[in-house]
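The values are calculated or read from the model by the stated rules, or taken from the named source; none is laboratory data. Predicted model only: the values in this text are computed from it and were never measured. Please note: Cβ atoms are built from the backbone with ideal geometry, for glycine as well, and neighbour counts cover all protein chains shown. Surface areas here come from the heavy atoms of the whole protein model, side chains and all, with no ligands, DNA or RNA. Shrake-Rupley method; radii C 1.70, N 1.55, O 1.52, S 1.80 Å.
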Amino acid sequence: MRRRSMMLGTGAMLMGGPGAPWAAIPGLSAALPEGTRDEAVLAQLPGKKNLIKLTWRPPNYETPLEAFRTPITPNDRFFVRYHLAVIPEMDELRDWSLTVGGDAAQRSVRLTMNDLRSLPAAEVVAVCQCSGNRRGLFSPHVPGVEWGVGAMGNARWRGARLRDVLARAGIKPGAVEVAMAGADGAVLPETPHFAKSIPLDRALEADAIIAYQMNGAPLPHLNGFPARIVIPGWTATYWMKHVTSLELRSKPLDNFWMQKAYRVPRGMFPVARPFATQDTEQTSPITEIVVNSLVTNLTDGARVPAAGFDVQGIAWDNGSGIKSVELSRDGGESWKPATLGQDLGRYAFRPWSMRVQGAATGAVTVMVRATSNAGAVQPAKLVFNPSGYHHNVIQTITLAAA
Ligand SMILES: Nc1nc2c(c(=O)[nH]1)N[C@H]1C(S)=C(S)[C@@H](COP(=O)(O)O)O[C@H]1N2
Ligand SMILES: [Mo]
């Protein structure tokens, strides 16, 4: 497959019309670094409606708050994140095939899209969330893409099971990881190609898929057309887009993206099942999503009627599912349960809502915290880590009641 740069040039940018100043982007947090706020604009990538542009090359665009009012995030509002700037065009991607091999494979095979579609289809509704979602809200600020709250989305993914695809190649005893690489690449040959690995046992679970559909449609170009990996409950760094190779490995993958990036201090974020082949004494690879929630109908400073108003939002975790969402109006002294909405599956956004009544006029502070079925609860204080991952501190918004 030839590699050439996608033309996200001035033409595409002009389609978005003039940029809006940050204050005009509803829900964009005042806590973001000043430079990020100043430069953030609403813009349209090809095939997308307005997203919040953070960087253009490579494209890093997040979903505006209003698109989270439905528990399924529409394809044309779904965030876009790339590490490297050379993204193949659609006509090149239509020639797609997938090679499956590696030193722990019995043979090397190549699958076309027809092969993939001939395997039994599996479906899962799951949150795709960047490890660095909300990094821009870290205090003190840390380097990296300064995401607000929208480096995530929830979709219904449909595709073939990874284990059925791996079975085509045959798995040798001694296989420990499956490495994945995509069709996008770097401008400079020195830059390490983006490749990631997952533990073999996670790859063999029934919900790990190679998706060719998102919300009933082919994957959008910039969300991984024609096929991407979906590892429900794990952060999106493992959700390889435009996936073109799978490698069964008898040894852990030791590239930059595994050994240096996407790591958290060991023990800081407990997980149900460790990714043991990638642990060091000091750090672990980031894996499972932490429990989190987001208010979607109100933002800091919003005017509300003192007589009564609704607070609505979503909550999600690593797949244990959401047990409860609670609101506090007294700084966290007492909590009242919100009503949970439609359950789209344990890996999905869970909508919730609560009617607040009898607020005094003036400033009303509302805190929201979610608890998972596994018993994890959002922390009162940010769990600081140098790469700015797993931001899930309890959200506090102050409203103006009149
Ligand atoms: N091929 C490829 N896949 C990738 C990436 C990438 O840069 N290239 N980035 C990963 C990261 S870090 C994230 S957060 C998600 C973003 O998925 P999206 O762009 O569909 O929202 O894709 C993942 N898969
Ligand atoms: Mo990410």
Identify which of 290, 80, 187 has the largest mean-square fluctuation in a Gaussian network model of the chain, with springs joining Cα atoms closer than 10 Å. 187
Proximal lysines to residue 241, defined as alpha-carbon separation beneath 16 angstrom and excluding residues fewer than eight positions away on the same chain: 196
Run a plain Debye calculation on region 253-397 (Cα atoms as equal point scatterers, no solvent) and give log10 I(q)/I(0) at q = 0.15 Å⁻¹, rounded to two decimals, same order as the q list. -0.80
Segments 73-79, 62-68 sorted - mean Cβ within 10 Å per residue, highest first: 62-68, 73-79
Using packing as a proxy for protection, rank 50-58, 340-348, 117-125 so that the peptide with the highest average count of other Cβ atoms within 10 Å comes first. 50-58, 340-348, 117-125
Relative contact order (%) - criterion: Cα under 8 Å, at least six apart; region: the chain: 15 percent
Scan region 151-252 for GluC sites (Glu not before Pro) in coil per DSSP, keeping those whose Cβ has at most 10 other Cβ atoms within 10 Å, and list them by number. 190
Here the net charge surrounding residue 125, from other residues whose Cβ is less than 15 Å away from its Cβ (Lys, Arg +1; Asp, Glu -1), is 0
Tell me, rounded to the nearest percent, the portion of alpha carbon pairs in the chain spaced more than 42 Å apart. 12 percent
Per the 1/(1 + (r/R0)^6) rule, R0 = 25 Å and r from the Cβ atoms of residue 106 and residue 273, FRET efficiency to 0.05 is 0.45
For region 204-268, build the convex hull from the C-alpha positions and give me its volume per residue in Å³. 134 Å³
Residues of type lysines that residue 381 reaches as a straight line, Cα spacing below 28 Å, ignoring anything fewer than 8 places off in the same chain: 260, 323, 336
Binned at 10 Å starting from 0, the alpha-carbon pair-distance distribution of region 90-285 in whole percents comes out as 9, 35, 38, 16, 2, 0
Label-to-label distance, nm, for residues given as residue 187 and residue 31 (7 Å Cα→Cβ offset): 3.3 nm
Using a 1.4 angstrom probe on the protein heavy atoms only, could you order 303, 81, 107 from most to least accessible area? 303, 107, 81
For every helix of n ≥ 4 consecutive DSSP H residues, a contribution of -39,500 (n - 2.57) applies; sum these over the chain, divide by its total residues, and give [θ] at 222 nm rounded to the nearest 500 deg cm²/dmol. -2000 deg cm²/dmol
What does the highest-first list of 29-39, 127-137, 388-398 look like by mean Cβ count within 10 Å? 127-137, 388-398, 29-39
Order of exposure, largest accessible area first, which applies to 242, 221 with probe 1.4 Å: 221, 242
Please compute the contact order of region 90-285 in relative form: average sequence separation of alpha-carbon pairs under 8 Å and at least six residues apart, divided by the residue count, as a percent. 25 percent
Shape parameters for region 293-357, alpha-carbon atoms, Rg then Dmax in Å: 12.6, 37
When only C-alpha pairs under 8 Å and at least 6 residues apart count, what is the relative contact order of region 282-345, in percent? 26 percent
Rounded to one decimal in nm, the spacing of the 7 Å Cα→Cβ label points at residue 118 and residue 300 is 5.6 nm
